[in-house]
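The values are calculated or read from the model by the stated rules, or taken from the named source; none is laboratory data. As the structure is a computational prediction, the values presented were derived from the model and not from experiment. Reconstructed Cβ throughout: ideal geometry from the backbone, glycine too, with neighbour counts over all protein chains shown. Side chains are part of the model used for accessible areas, which takes the heavy atoms of the whole protein and leaves out ligands, DNA and RNA. Shrake-Rupley method; radii C 1.70, N 1.55, O 1.52, S 1.80 Å.
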Amino acid sequence: MKKLVATAPRVAALVEYNDCEVSEDEVKIKVQFASPKHGTEVVDFRGISPFIDEEFSPEWNLFVSRETNSARGIVFGEFQLGNMVVGEVVECGSKVTEYALGDIVCSYGPIMETVIVKAVDNYKLRKLPKGANWKNAVCYDPAQFAMSGVRDAHVRAGDYVVVVGLGAIGQIAIQLAKKAGASVVIGVDPLSHRREIAEKHGADATFDPITTDVGLEVKRLTGKLGADSIIETSGNAAALQAALRGIAYGGTISYVAFAKPFPEGFNLGREAHFNNAKIVFSRAASEPNPDYPRWDRKRIEETCWELLMNGYLDCSDIIDPVVPFADSAESYMKYVDQQPDLSIKMGITL
């Protein structure tokens, strides 16, 4: 049995592992499809903490234990890679009643041939309905953050909405904003391929922030009014500056990104002051939710799963490329770390 791990900063490899026994409240999933997380997971893969400015030691002595890690615990020298898996239930613990052998399910989990997860009182383990698209299923995690960003931006019918950063979260936010009734939805990303996908799935216009004064163009496109809501997923300082420039008076910037410290020169005067922007920091995982107790993480997850499974959201163009498991180590280093511009969210088939 093999799993995808980081054996050192920025080095991925397939390594052998021995399966664990299934506990009474667990199921074993034979993984068929998987996908990594292209955001925070990559920070770990590069050996950099999002909370400090320095790199980890060359020996890379700091590792993370994941709930869904079937090895159960910290594996020294092997940081397991992966975010979502889809596969068939091949073994059930004695106390498992909601799942049966042969069920196709989705779960958080590392990229490996089998994943063992808790299956009693675990609403994060989801059954796929017959005919469901696995590409939608592995977008379960980014969909939650996209939905929270759109909700925290208070997108309403007729609004002018901008989505900055067209990775998986931004692409799904484009779809959600348009389907919520926004009259103008604008996507912003330097990569033409991502802009094309956004236009295919609901964006009325897209801009390249490298060659365009995005704030000015947003004002022009909205009759000098500006955007009612801007959903920022890139974490780039220039992107937030452009958002402050392009927001309508009293509009809301929903800040979904986990940004690094901004460089000297970031300006909260000028347009920021006169546009009177509201900046809210949006995370699906932050409890209590701004709309608590009506909305909590569980409700966000359940709603996203419903929208993914009933076809309301279409993530088929987001999962690209799709690579075989045997090539996953080289592909991870290429598409996720070294050349992320070639991929939005990589898919893996086992």
> How would 1, 346 line up by accessible area, probe 1.4 Å, largest first?
Replying inline: 1, 346
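Excluding residue 283 itself, calculate the net charge of residues whose Cβ lies under 11 Å from the Cβ of residue 283, where each Lys or Arg counts +1 and each Asp or Glu counts -1.
In short, -1.
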> Across segment 223-350, how many lysine pairs, 8 or more apart or on two chains, come within less than 26 Å at their alpha-carbon atoms?
Replying inline: 6
>> At a 4.7 angstrom Cβ threshold, list every cysteine in the chain that has nobody to pair with, or say none.
In response: 20, 92, 106, 304
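How much accessible area per residue does the chain have, in Å², with a 1.4 Å probe?
Ligands and nucleic acids excluded, the result is 46 Å² per residue.
Which net charge results for the neighbourhood of residue 345, defined as the other residues with beta-carbon distances under 15 angstrom from its beta-carbon, given Lys and Arg at +1 and Asp and Glu at -1?
Around residue 345, the charge tally is -4.
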>> Just to confirm the filter: which chymotrypsin sites (Phe, Trp or Tyr not before Pro) across segment 278-350 are DSSP coil and have at most 14 other Cβ within 10 angstrom of their Cβ?
In response: 312
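Over segment 253-350, what is the relative contact order in percent, taking alpha-carbon pairs closer than 8 angstrom and at least six residues apart?
Working: 66 pairs, mean separation 20.1, N = 98.
Dividing the mean separation by the residue count of segment 253-350 yields 20 percent.
For the chain, which whole percent of the accessible surface, found with a 1.4 angstrom probe, sits on carbon and sulfur atoms?
51
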